[in-house]
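Scroll down for the structure; my scribbles are underneath it.
The values are calculated or read from the model by the stated rules, or taken from the named source; none is laboratory data. None of these values were measured; they are calculated from a predicted model. Glycine also receives a Cβ, built like all others from the backbone with ideal geometry; neighbour counts cover every protein chain displayed. Side chains included, ligands, DNA and RNA excluded: accessible areas come from the protein's heavy atoms. Shrake-Rupley method; radii C 1.70, N 1.55, O 1.52, S 1.80 Å.
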Amino acid sequence: MGIDLEGCDFVAALAGNPNTGKSTVFNALTGLHQHTGNWPGKTVTRAEGAFAYQDRRFKLVDLPGTYSLMATSLDEEVARDFLLFGQPDVTIVVVDASRLERNLNLVLQVLEITDRAVLCLNLMDEARRRGIEIDTQRLSDELGIPVVPTSARFGKGIPELIQTVHDVATGKISCRPRRVGGRTPGLQKAIQLVADQLREVFPHLSNADWVSLRLLDGDPRVAEAVRRGEFRELKDAETLLGETARSKTPANEELDIPEPLRQRLEAILDQAGKLRWEVGMDFHQVLVESVYAEAAQIAGNVARLRREPSAEDWDRRLDRILTSRVNGYPIMIGLFLVVIWLTVQGANYPSAILSFLLVDTLHPLLRDAALWARVPMWIRGPLIDGGYLAMAWVVSVMLPPMAIFFPVFTLLEDFGYLPRVAFNLDRLFRWAGAHGKQALTMTMGFGCNAAGVVACRVIDSPRERLLAIVTNNFSLCNGRWPTQILLATIFLGALTPAYLAGIVATLGVIGVAMLGVLFTFLVSWSLSRTVLRGEVSTFHLELPPYRPPRLLQTLYTSFIDRTLIVLGRAVMFAFPAGLVIWLIANITISNQSLAEHVIRVLNPLGIAVGLNGVILLAYIIAIPANEIVIPTVLMLTVLTTKMSGAAPEAGVLFEPQDMAITAEILRQGGWTTLTAVCLMLFSLLHNPCSTTIYTIYKETGSVKWTALSVLLPIALGFAVCFVVSTLAQTYLTG
């Protein structure tokens with residue numbers, strides 16, 4: 001299962017429904033001793049951690065949050081397979097105490113697979129707030145496993161949980177898990193026949209009845225596991241297969257199973273197939289209903305309400321406002337604008353400080369040190385004026401907005417508002433043939449498209465996940481906001497009286513961002529009826545209770561897991577881009593730089609779409625990061641117009657502190673309001689940055705879909721700019 005067992009005595013799995021505080025429990029148990037990755041061969045995120053108790057070391061594996069283990073989605077398949085084949089020493093099932101009946105469905109399914117489990121009855125504070133009392137001892141008796149009440153957010157019950165996990169893993173506490181009933185005599189007889197044969201082949205198979213049930217239900221993954229001989233511990237493998245089993249890895253390699261044993265396993269599968277027709281094809285529905293009925297019965301026995309729930313409680317009052325067709329959309333748009341405003345305005349001062357330190361201070365020091373050390377120009381220029389300067393620009397412009405946007409985004413997620421956004425937009429995404437959860441990935445894209453692409457993992461359907469990935473670039477990421485704001489301020493603001501300039505510029509930028517949302521719907525609609533044709537899948541969307549956000553933990557996780565990872569990838573691509581930018585601006589042929597030759601070639605195409613050759617070249621060489629587009633445009637404009645005194649040094653990235661100087665440079669380069677408008681549109685509709693392209697390829701594993709994600713927005717960008725330019729010029733000349 002891809003788990004490194006070195007240095008640990010026991011493996012514990014952490015399972016549970018979404019929105020039960022499972023991640024909080026994981027963090028409370030492991031602290032900072034954790035890391036994330038992917039499950040082998042999957043795009044599902046895996047988190048692992050470690051903790052110790054009484055000189056015993058535990059490896060804790062956080063399974064994807066699921067509502068069942070029927071393996072109808074990738075998350076369910078991963079969770080089910082780890083419990084089944086990973087054989088953890090103990091499984092911690094986290095449930096929401098205020099929604100016990102709903103959560104017990106998963107608990108009962110887990111207990112069908114494993115006989116070593118601990119129930120973490122989390123969110124007890126929420127249950128008390130709602131007037132719910134739970135008899136934990138009776139719940140333990142009903143389920144046959146220990147129950148530990150916790151409020152992980154406040155650290156309550158965590159020491160008791162750790163001790164209980166230790167006692168179950170070491171055998172001090174013996175579990176007798178409850179098995180779901182509701183089986184007809186005919187079905188029970190069929191299960192017994194198959195289970196007896198499985199136990200003969202796999203003597204240590206503790207959940208033979210459940211495996212038999214899955215075989216009767218026609219589960220292909222379980223059938224394949226039986227065929228490959230995966231249902232055994234090492235001692236079973238040695239007994240059945242001989243010493244060759246010692247050197248084999250069952251999950252990744254076909255075992256050399258002797259022919260008599262292979263025939264016996266096939267006979268078991270054949271018998272299960274025949275018995276499936278005898279017991280009837282509707283038994284699956286009967287079993288599902290039995291699980292729900294037993295969950296309801298157990299919850300009714302152990303939980304009671306001390307007061308009648310108010311119809312106008314806090315959550316319902318908020319939901320009536322936030323999910324209303326009348327108020328929901330204005331509030332959603334308003335919050336979006338507030339987040340963007342906080343991000344843009346809040347990033348100004350940190351960006352200025354970082355720019356002063358990295359660009360204005362450290363860059364000259366590095367140049368002086370290189371001159372003092374007599375480093376040749378052909379080394380000093382590309383490395384310091386090229387690679388370092390581009391990297392410094394990316395850090396100073398990219399880090400502050402992400403350090404603001406991602407924590408705010410995560411705080412809204414913790415508060416419980418983002419699922420309401422998905423609920424509000426689900427109807428529109430269904431119309432477009434996309435998944436309702438795309439609302440969350442689209443919103444994440446406004447912080448960073450690479451992070452938005454990774455967030456698409458929450459969508460189970462491969463078709464709809466591809467739709468979300470391909471269209472995420474239409475979310476105006478924070479790297480493109482500075483370009484939008486600069487152009488809107490200089491050119492759109494100049495069209496109106498001074499007292500209206502700020503409002504007009506703001507509306508222009510917001511209009512471009514909303515246009516990106518419109519293109520997300522239109523392109524999703526088009527793709528879902530052409531290359532990604534298919535039915536819209538249904539999904540279970542739970543609206544969690546509103547909870548106070550965890551400020552410190554949010555700041556830490558959003559900064560480490562999102563900001564630094566994305567920034568690291570951007571810096572990795574920015575440095576070589578800086579090398580290229582310096583080289584094409586400083587290598588000359590026939591008394592002209594390479595950049596000037598390329599600009600002359602690109603100029604006709606650029607002018608035809610309302611841009612120019614400088615802009616097109618800037619977007620080609622600045623593909624690693626949108627943050628360096630404007631410095632590159634200014635550098636190339638000064639280079640081609642031979643302006644004197646505008647730049648500190650020819651062929652080196654720069655951006656004046658005074659916006660009036662920037663405006664003068666652009667106007668000297670032949671820019672008009674039409675050029676600015678077309679560039680604002682092209683900034684929205686152009687290829688993703690190299691960090692996002694790399695992430696798309698990693699997530700899809702496909703050159704085809706990565707190419708579509710790159711070429712589609714470029715084609716749209718050229719088409720839209722051409723139409724706007726043509727209409728504007730026709731209007732002006734007419």
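Overview of results
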quantity: Scope the stretch 482-497; condition part of a helix (DSSP H, G or I) and either open to solvent by less than 20 Å² (accessible area, probe 1.4 Å) or without any contact (Cβ under 8 Å) to a residue 60 or more places away in the chain (or both); matching residues; calculated: Thr483, Gln484, Leu486, Leu487, Ala488, Ile490, Phe491, Gly493
quantity: Residue in the stretch 70-93 that is among the polar types (S, T, N, Q) and more than 27 Å from the chain's Cα centre (by Cα) present; calculated: yes
quantity: Count of the stretch 126-159 residues which are in a helix (DSSP H, G or I) and either of a type outside the set (Asp, Glu) or modelled with pLDDT of 95 or more (or both); calculated: 14
quantity: Test result for Val344, out of contact with any Lys or Arg (no Cβ under 7 Å at 6 or more places or on another chain), open to solvent by less than 20 Å² (accessible area, probe 1.4 Å) and either closer than 21 Å to Met635 by Cβ or not aromatic (Phe, Trp, Tyr) (or both); calculated: no
quantity: Selection from the stretch 347-356 of residues that are modelled with pLDDT under 85 and buried (at least 19 other Cβ atoms within 10 Å of the Cβ); calculated: Ala347
quantity: Pair list, Cβ under 7 Å, 6 or more apart: the stretch 705-734 residue open to solvent by 80 Å² or more (accessible area, probe 1.4 Å), other residue not hydroxyl-bearing (Ser, Thr, Tyr); calculated: Phe722/Ala608; Phe722/Val609
quantity: Scan of the stretch 364-388 for residues that are buried (at least 21 other Cβ atoms within 10 Å of the Cβ), in contact with a helix residue (DSSP H, G or I) (Cβ under 6 Å, 6 or more places away or on another chain) and within 30 Å of Ala451 (Cβ to Cβ), ordered by number; calculated: Gly386
quantity: Evaluation of Gly508 against (1) closer than 21 Å to Leu440 by Cβ; (2) crowded, with 18+ Cβ neighbours inside 10 Å (one fails), failing number; calculated: (1)
quantity: Qualifying positions in the stretch 203-219 - open to solvent by 10 Å² or more (accessible area, probe 1.4 Å) and either among the aromatic types (Phe, Trp, Tyr) or assigned to a helix (DSSP H, G or I) (or both); calculated: Asp209, Trp210, Leu213, Arg214
quantity: Number of the condition not met by Thr471 [criteria: (1) hydroxyl-bearing (Ser, Thr, Tyr); (2) crowded, with 23+ Cβ neighbours inside 10 Å; (3) at pLDDT below 90]; calculated: (3)
quantity: Residue that is least open to solvent (accessible area, probe 1.4 Å) [pool: residues in the stretch 320-335 that are under 25 Å from the mean Cα position of the chain (by Cα) and within 18 Å of Arg427 (Cβ to Cβ)]; calculated: Gly328
quantity: Residue list for the stretch 586-644, restricted to those being touching a Lys or Arg at 6+ places or on another chain (Cβ under 9 Å) and surrounded by fewer than 17 Cβ atoms within 10 Å (Cβ to Cβ); calculated: Gln592
quantity: All positions within the stretch 46-93 that are part of a strand (DSSP E or B) and of a type in the set (A, V, I, L, M, F, W, C); calculated: Ala47, Ala50, Phe51, Ala52, Phe58, Leu60, Val61, Val90, Ile92, Val93
quantity: Residue check, Gly670 more than 16 Å from Trp582 (Cβ to Cβ), at pLDDT 90 or above, open to solvent by 30 Å² or more (accessible area, probe 1.4 Å) and part of a loop (DSSP other than H, G, I, E, B); calculated: yes
quantity: Selected residue (only one of Leu500, Leu440, Leu411 is in a helix (DSSP H, G or I), open to solvent by 40 Å² or more (accessible area, probe 1.4 Å), under 24 Å from Thr20 (Cβ atoms) and without any contact (Cβ under 8 Å) to a residue 40 or more places away in the chain); calculated: Leu440
quantity: From Leu106, Leu123, Leu119, residue being modelled with pLDDT of 95 or more and buried (at least 21 other Cβ atoms within 10 Å of the Cβ); calculated: Leu119
quantity: Close pairs (7 angstrom Cβ cut-off, 6 or more residues apart or separate chains): assigned to a loop (DSSP other than H, G, I, E, B) in the stretch 540-554, acidic (Asp, Glu) and open to solvent by less than 60 Å² (accessible area, probe 1.4 Å) anywhere; calculated: Leu543/Asp319; Pro545/Glu126; Pro545/Asp315; Tyr546/Asp315; Arg547/Asp414; Pro549/Asp414; Arg550/Asp414
quantity: Condition check for Arg199: closer than 25 Å to Glu112 by Cβ, among the charged types (D, E, K, R) and at pLDDT 80 or above; calculated: yes
